[in-house]
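As C-alpha cells, the structure follows; a few thoughts come after it.
The values are calculated or read from the model by the stated rules, or taken from the named source; none is laboratory data. Because the structure is predicted, anything quoted here is derived from the model rather than measured. Neighbour counts run over all protein chains shown; Cβ positions are idealised from the backbone, glycine included.
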Amino acid sequence: MKSSLKLLMCISLLLLLAAITIFAQKPELIVQTGHTGPILLLALSPDGKTLAASSLELKLWDVTAGVELRTLSSIDVSAIVFSPNGKTLASGTGEGKVDLWDVTTGAKLHSLEVSKYRVESLAFSGDGQTIATGSQNTIKLWDSKTGTHLRSLEECLGCRVLSLAFSPEGKMLANGNTGGRLNLWEIPTGKQVRFYKGHVSDVNSVVFSPDGQTLVSSSSDRIVKLWDVTTGAELRTIASNSMEVSAITLSPEGKTFASSTRDGRVDLWEVSTGVKRRSFQGPKGIIFSMAFGPEGQMLATAGMAAEVKDKTFNTTGGGEVELWDASTGTRLRSLKRHASGVEAVAYSPDGKMLASACLDGTVKLWNISTGMQVRSFKGHADHTVIFTLSDYSVAFSPDSKMLASASIGEAVNLWDVSTGTQLHTLKGDDGGTLSIGFSPDGKTLAGSGADGGTGTGTVKLWDVSTGELLRSLKGHSRAATSVAFSPDGQTLASGDRDGTVKLWNISTGAQLSSLESGIGPIGFSSNGKMLASGSFDQTIKLWDVATGTHLRSLAGNSDRILAVAFSSDGQKLASMSNQTIKLWDVATSAQLSSLERQSNYFTSVAFSPDNKTFASGGMDGTIKIADTNSGEELASLISLDENEWAVVAPDGLFDGSPSALNKLIWRAPQNTFDYAPVEAYFSDFYYPGLLADSLTGKAPKAPKDISQKDRRLPHLQLTLSGQQTLTTPITTRRITVKIAVSNVTAGAQDVRLFRNGSLVRVWQGDLPNGKSGATLEATLPIVAGENRLTAYAFNRDNVKSVDATLVISGADSLRRKGTAYILAVGVNRYANPQYDLKYAVADAQDFSAEVRRQQEGLHRYEQTKVIALYDAEATKANILRGLARLASQIQPEDWVIIYFAGHGTAHGNQFYLLPHDLGYTGSRTRLDADGLRNILTHSISDRELTQAFEKMDAGQLLLVIDACNSGQALEAEEKRRGPMNSKGLAQLAYEKGMYILTAAQSYQAAQEAARFGHGFLTYALIEEGLKKNAADDDPKDAEVLVREWLNYATERVPKLQEELMLSALRGRGLNMAFVEGEEKIKGPKSRSVQQPRVFYRRELEAQPLIVSKTATTLPR
C-alpha cells in the first residue's frame, strides 16, 4: 500500500495545481496493470520523459512519476523506436508491418507494409524525415511523414537484418546481421560502402557516437567492438567473461556505453579507453533492452524475471522496467506489473462464482453478485514467459463445490471452493495437462495433454473422490489440447494439435470415431447430438455425434479458431480467435455479434449458466463480461496484486477494493500526458456494486455532462503553526496546523484533514464565502512515529483538489497503549411489541464478550471496555449519548467498535436504525405514512451516525450493523452509492478509515434463526469465525486480521442461509425466504439469500488490525 500511496502523491505533485480544467471530453480510465508478460523491447523518448515498452502489449509510461499512460493497439511487436523529436513512435510487428503512432493522441498515423516477414529492426534519421526498416535480408527506407517507400537496400541472401542505426548527419546507415556481418550504407546512393569484419555471431545492436566517428556493435558471442567509421579499422574489442551480451546502449554524449548480460548484470564502459568503469547487478533475470536518459544519468533496463544457474535460464515470471542512477547503480524506480494474463475462465454451474486461471500460477475466484475477488489459489508455476495458449485450464464440478485447475508441465489440482483447501493432486503426462472437464455426475475428471518425451497426446480419467487414475486413452499423434464430456456422460471428445477430434466410449475406453477438424477446440451442444470444433481454416465445423457426419461450417472469422463454446440451451455458439469472439445462431448459422480486443489476445470464453452473459479471458489481465443478446461488453474484472480487484465498465464507471482504486488514473482521450488521479472524477464514476447491477439489467451509465463541470480546483497548503519545527521529533501531544486555501475561483468547500489515513476534522460549506481564500487552523493529537497529515477540498461542482501533505515525527515519549471500546446495542423488546425480535440481545452480548476475550488475550490494548445498551436502555437518546461520550474520550491509539442488532428501515436513499423507543404503537403490517414519519423521526439516521463518527479521533473504527435492510446504510444521497463527497457511511468509511459490515434480512428470516440462536451475521463472525477459528483463512497463518474476519462473514452468511432453507424445507416443511415475497418461488436454490456488504478503509494500516490469534490459548 505504501508504494501505491507514493504513486498517488507523485501524480498529484505533477498535476498543475490551478487546473484540472482538464478534459473537454469524457476522460478515459486507465488501470495500472503494468506489463503482463516479459518485456522484450524498450525505448526512451529523446527528452527522457516518456518510455515505450513492449511485452504482450505496447505501453507508454511517464518516466518521472512511473505512471502507465496508454496502451497502443498493437500486438506481436518486434521493434520500437522514437522519432528524434519524441512526437512519433514506430513499432514493427511479426507480420511484417510498421505502425507510426502519434505519441500525444495515440492515433495511428501510417501503417507501412514492409514485407511478409518479421520486422527485426527500426531507426529514424536525425531529422526524423526518414525511417529505416529491417526485415529478413532487406532494408527499406520510408518517408515518415507520408509513409511513402523511398528505397530498398538488399543484404546478403539468407541473412537477417537485426539492428540499424543512422549516422548523426543522416547520410550513412549501419546495420548488423545474423552471422556477424556489419555493414555501412550511403543513403543518397543506396550503395554499400563498407563491410566490418570481426564478429563471428549475430550482431544484435549497433550505435553511432554523437560525432559520427565511431561505431559500436555488440553480438551474441559476448563481444563488444568499436570501429573507426571512416577507415573501417577495429579500434577496440571488449569481451564479457560471463553470460552473453544481451543488450547495449550508448550514452547521449558518447562517452559511456552500457552492456547487459543474460545473468542480469549491467556493465558501464568508457568508450575512449575500453575500461569498465562500473558494474552493478540489475534485475534478477535476463535484460533484453536498455536505454540512457538524455543526460546520461539515468539508465532504463527491461527484460524478464529468471534464475540463472550454470548458464541455464529458468524463467520465473513476467518482466518489469527498472530505472537506475547510472553513476551509482542505485535503483530509482520500478515500473511494475500489477496483473497477470488470464488464460482460462469458467462459471460455476450455480452461476454464483467465476474462476480465472492466471499466468502467474494463481487461480482467482470471483463473486458474481458483488464483483469481488473472494479467493486466490496458488498451486502452479508462473508461466508468464510462455506465449502459447492453453497453458492453464479450470473447471467446476457440477455441484459447484469443487474446482479443478491444470497447467502445462504440471499436475492437476482439485480444490474445495468454500475453504480453498487442496483436495488432491492428479498426476498427468510429463508434458502436463492442457484441458480438463468434469463428467456430468461429477465423479470423473478428464484431462488431455501430451507425453513429455514423445509429444503424443493422451487423455486421462481420474476418480474425483480418491484421485486415482482410472484409465488412459491413447491415439492422438500430437498433444491433446481439448477435452469435453457429452451431456449424458457416455461419450468423451478430445481434440489435438493436428486437427483431429476423437470420440471415446467412457465405459470401455474404445475409440468411437475420428473427425478431421483442422485444429481441435471442441464443445458439445446441450442435447449431446452436435459437436462443434474449431479449425485452422478460420471456420467452425458442426458434426453429428452419432454418425460423425460433417453437418456444416460457420465462416466469417479472419483468424484461426482457438476456442468454441455452446450456450447451455444449445441455441448459441461462441467462437474465439486471437482478437475476436463471435456469437452464432446454431439453427441458422447466422453471426449474431462480435466482441473485439484491439491491443491484446483473447485466451478463453465461457457462457454463464443462465446464458445471459459470457466471459472471456485476456492476456492483458482482464476478464470481459459481455451481454449474450447484444454482444456488448458490460464490465471487465481485473485482479491487481495479491487479493486486490477492480471492476471497470466501458464508459468508465468503476468499483474495486481500496488498494486497487489507488491504481486507477484518468487521462484525456486526445492527450497522453494530460492525466489526473482517480479522485478527480471519483464522484462521477465510482459505483459500488457495479458488476451486480450490470448483470441484473439495471444498466448503470456514467454521466454524459461531465465535460460541463468546472475543473478549476482550490489549492491547499498545510503547515505547522507556532514555534515547532519539523527537523526533530515533536514531544508535545497536541499540535496546531494551518491550512491555507487559495485559488478559490470555483469555490472551496468541505475541507478535510487526515492523520495517517483517518479523518480527524471537517470544515463544512463554502469556506471563502466570497473571499479570495481562507486560512484554517486545527489542533489535534499526534502519535509516536510518523504522522502523515493530508488535507484536500472540493470545488462547487464537487471535484476534489490535489492533496496537501505534511509529515510530522512524534517523539517516542508519546507512545501509549490504547483502549479498545465496544458499544454493543441489542434490541429484542421494542416499545411496540409487534416489532420484538428473538436474538438481537444475544447477538450483542456474544459479539462484545468474544471480541473482548480475544483482545484481552492479545494484550495489544491497555484495556477493553464494553458499553452495553440492551432493550429499554437502547433508546435513541442513550445511543447518541454513548457515541458522544466515546468521541470525547478516545485517543488516536484507540479502537472503537460499534455493534447494533435490531431493526432498521430504508426510506428514500437513507437508512435508519430503530431504537427501543421507535415512536409508533400501531400495527406492524398496517404502517401508514404518518406512522412511518414518526418512526423515522425517532430513529437514528445514517446522517446522525456520520456526524457522530466525524467527531471520533480513533486510530481504528469498526461499525457492524445486523438489521433488516441494513445494506441501505451504504447507500448515498445520490442515485449511485458511495460517491467521493457523499455524506453517507460508505464515504465516511472510505475517508475516515472505518470498516463497515452490514447484513440485511427479512423479518421472517430474523425470526427463524433458532437453529443457531443468533442472527446469521453474528453466528458467522463469532461462533464460527472466532470461536472455531474459521476466519483464519486467507492467509492461514494463525492470525485473523479484521479484513479476513469481515470477508469470511460476507462469504459464509449466504451459505448458512442456503443450508437453513434446504434443511427447513426437508425437516419441517418450512417455506423460508430471505426476501419478502420470495416464498412463492419454487425451490430454495432459486431464492435470494442475505448478502452482507463490507466496506474497508481506503488505506491499509501501518500495523494491521488483529482480531484474534488462533495459536494463542485464551481463557473462556
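How about the stretch 654-693: which of its residues are acidic (Asp, Glu), part of a strand (DSSP E or B) and within 26 Å of THR105 (Cα to Cα)?
none
Has the stretch 817-833 got any residue that is in contact with a Pro (Cβ under 9 Å, 6 or more places away or on another chain), closer than 18 Å to ASP953 by Cβ and outside any helix (DSSP H, G or I)?
yes
So that you can scan it fast, the table gives a plain yes or no per residue for (1) closer than 23 Å to VAL81 by Cα; (2) under 41 Å from the mean Cα position of the chain (by Cα):
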site	(1), (2)
SER217	yes, yes
ILE248	yes, yes
ALA258	yes, yes
ARG265	no, yes
TRP269	no, yes
ARG277	no, no
ILE286	yes, yes
ALA291	yes, yes
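Among the strands (runs of 3 or more DSSP E) confined wholly to the stretch 694-785, which include 1 or more residues that are within 19 Å of ALA680 (Cβ to Cβ) and either touching a strand residue (DSSP E or B) at 6+ places or on another chain (Cβ under 7 Å) or polar (S, T, N, Q) (or both)?
715-720, 734-742, 749-755
Picking from THR491, THR456, THR433, THR481, which residue would you name as being farther than 15 Å from ALA404 by Cβ, of a type in the set (Ser, Thr, Tyr) and crowded, with 24+ Cβ neighbours inside 10 Å?
THR481
For residues in the stretch 1024-1063 being in contact with a Phe, Trp or Tyr (Cβ under 7 Å, 6 or more places away or on another chain) and under 21 Å from ALA840 (Cα atoms), which is surrounded by the fewest Cβ atoms within 10 Å (Cβ to Cβ)?
LEU1056
Out of everything in the stretch 60-118 that is part of a loop (DSSP other than H, G, I, E, B) and among the basic types (Lys, Arg), what residue ends up being surrounded by the most Cβ atoms within 10 Å (Cβ to Cβ)?
ARG118
Being modelled with pLDDT of 85 or more, farther than 22 Å from SER218 by Cα and not assigned by TED's automatic domain parsing to the domain that holds ASN600: is that true of THR330 here?
yes
Tally the residues that are among the small types (Gly, Ala, Ser) and part of a loop (DSSP other than H, G, I, E, B), restricting the search to the stretch 256-305.
Residues flagged as among the small types (Gly, Ala, Ser) and part of a loop (DSSP other than H, G, I, E, B) within the stretch 256-305 amount to 6.
Does the stretch 55-98 hold any residues that are in contact with a Pro (Cβ under 9 Å, 6 or more places away or on another chain) and more than 20 Å from SER205 (Cβ to Cβ), and which are they?
LEU56, ASN85, GLY86
Has the stretch 702-724 got at least one residue that is more than 29 Å from PRO892 (Cβ to Cβ), surrounded by 15 or more Cβ atoms within 10 Å (Cβ to Cβ), small (Gly, Ala, Ser) and at pLDDT below 90?
yes
Among the residues that make up the stretch 201-210, is at least one of them in contact with a strand residue (DSSP E or B) (Cβ under 9 Å, 6 or more places away or on another chain), farther than 24 Å from SER91 by Cα and part of a strand (DSSP E or B)?
Taking every residue of the stretch 201-210 in turn, none turns out to be in contact with a strand residue (DSSP E or B) (Cβ under 9 Å, 6 or more places away or on another chain), farther than 24 Å from SER91 by Cα and part of a strand (DSSP E or B).
Part of a loop (DSSP other than H, G, I, E, B), modelled with pLDDT under 85, over 22 Å from THR622 (Cβ atoms) and over 20 Å from the mean Cα position of the chain (by Cα): does that describe ILE20?
Spelling it out, ILE20 is indeed part of a loop (DSSP other than H, G, I, E, B), modelled with pLDDT under 85, over 22 Å from THR622 (Cβ atoms) and over 20 Å from the mean Cα position of the chain (by Cα).
Give just the number: which of (1) within 17 Å of ILE996 (Cα to Cα); (2) at pLDDT below 95; (3) β-branched (Val, Ile, Thr) does ILE935 not satisfy?
Answer for ILE935: the failing condition is (1).
Select from the stretch 892-932 the residues that are assigned to a helix (DSSP H, G or I) and of a type outside the set (Gly, Ala, Ser) and list them in ascending order.
Just the residues of the stretch 892-932 that are assigned to a helix (DSSP H, G or I), to begin with: 924-926, 929-932.
If the condition is that a residue be assigned to a helix (DSSP H, G or I) and of a type outside the set (Gly, Ala, Ser), then ARG924, THR925, ARG926, ASP930, LEU932 are the ones that fit.
Do we have any residue at all in the stretch 785-804 that's out of contact with any Phe, Trp or Tyr (no Cβ under 7 Å at 6 or more places or on another chain), closer than 30 Å to LEU634 by Cα, buried (at least 20 other Cβ atoms within 10 Å of the Cβ) and not assigned by TED's automatic domain parsing to the domain that holds TYR995?
Checked against the condition, which is being out of contact with any Phe, Trp or Tyr (no Cβ under 7 Å at 6 or more places or on another chain), closer than 30 Å to LEU634 by Cα, buried (at least 20 other Cβ atoms within 10 Å of the Cβ) and not assigned by TED's automatic domain parsing to the domain that holds TYR995, the stretch 785-804 yields at least one hit.
I'm trying to understand the selection: among the residues of the stretch 138-151, which are assigned to a loop (DSSP other than H, G, I, E, B) and in contact (Cβ under 8 Å) with a residue 40 or more places away in the chain?
Going residue by residue through the stretch 138-151, those that are assigned to a loop (DSSP other than H, G, I, E, B) are 144-148.
Answer for the stretch 138-151, where residues must be assigned to a loop (DSSP other than H, G, I, E, B) and in contact (Cβ under 8 Å) with a residue 40 or more places away in the chain: SER144, GLY147.
Can you report the number of residues in the stretch 644-656 which are in contact (Cβ under 8 Å) with a residue 24 or more places away in the chain and surrounded by fewer than 19 Cβ atoms within 10 Å (Cβ to Cβ)?
Adding up the residues that qualify gives 1.
What strands (runs of 3 or more DSSP E) completely inside the stretch 578-637 contain at least 1 residues that are out of contact with any Phe, Trp or Tyr (no Cβ under 8 Å at 6 or more places or on another chain) and within 21 Å of LEU691 (Cβ to Cβ)? Show your work before the answer.
Values: elements: 580-585, 591-596, 602-607, 613-618, 622-627.
The strands (runs of 3 or more DSSP E) meeting that bar are 591-596, 602-607, 622-627.
From the residues in the stretch 392-416 that are modelled with pLDDT under 90 and under 23 Å from the mean Cα position of the chain (by Cα), which one is surrounded by the most Cβ atoms within 10 Å (Cβ to Cβ)?
In this case the residue turns out to be TYR392.
State whether the residues of the stretch 913-921 include one that is at pLDDT below 90, crowded, with 24+ Cβ neighbours inside 10 Å and either among the hydrophobic types (A, V, I, L, M, F, W, C) or touching a His at 6+ places or on another chain (Cβ under 9 Å) (or both).
No, the conditions are met nowhere in the stretch 913-921.
Are any residues in the stretch 663-677 more than 13 Å from LYS26 (Cβ to Cβ) and surrounded by fewer than 23 Cβ atoms within 10 Å (Cβ to Cβ), and if so, which ones?
Matches in the stretch 663-677: ASN671, THR672, PHE673, ASP674.
Hey, does the stretch 381-389 have a residue that's of a type in the set (A, V, I, L, M, F, W, C), at pLDDT 80 or above and in the same structural domain as TYR601 (by TED's automatic domain parsing)?
Pass one, the stretch 381-389, residues of a type in the set (A, V, I, L, M, F, W, C): 381, 385-387, 389.
From what is left, the residues that are at pLDDT 80 or above are none.
For the stretch 381-389, residues of a type in the set (A, V, I, L, M, F, W, C), at pLDDT 80 or above and in the same structural domain as TYR601 (by TED's automatic domain parsing): absent.
Sort through GLY857, GLY904 and tell me the only one that's under 30 Å from GLU786 (Cα atoms) and modelled with pLDDT under 95.
GLY857
Checking GLY212 against (1) modelled with pLDDT under 90; (2) on the phi > 0 side of the Ramachandran plot; (3) of a type outside the set (D, E, K, R), only one condition comes out false. Which one?
(1)
Report whether or not PHE607 is on the phi < 0 side of the Ramachandran plot and modelled with pLDDT of 95 or more. Explain how you work it out, then say what you get.
Values: on the phi < 0 side of the Ramachandran plot: yes; modelled with pLDDT of 95 or more: yes.
Taking the combined requirement at face value, the residue satisfies it.
Please identify the pairs in which a residue from the stretch 410-427 that is farther than 15 Å from SER397 by Cβ has its Cβ atom under 7 Å from the Cβ atom of a residue that is exposed (fewer than 13 other Cβ atoms within 10 Å of the Cβ), counting only partners at least 6 apart or on another chain.
Every condition considered, the pairs that remain are ALA411/THR425.
Output the residue which, of all residues in the stretch 544-574 that are touching a Leu at 6+ places or on another chain (Cβ under 8 Å) and over 17 Å from ALA590 (Cα atoms), is surrounded by the most Cβ atoms within 10 Å (Cβ to Cβ).
LEU562
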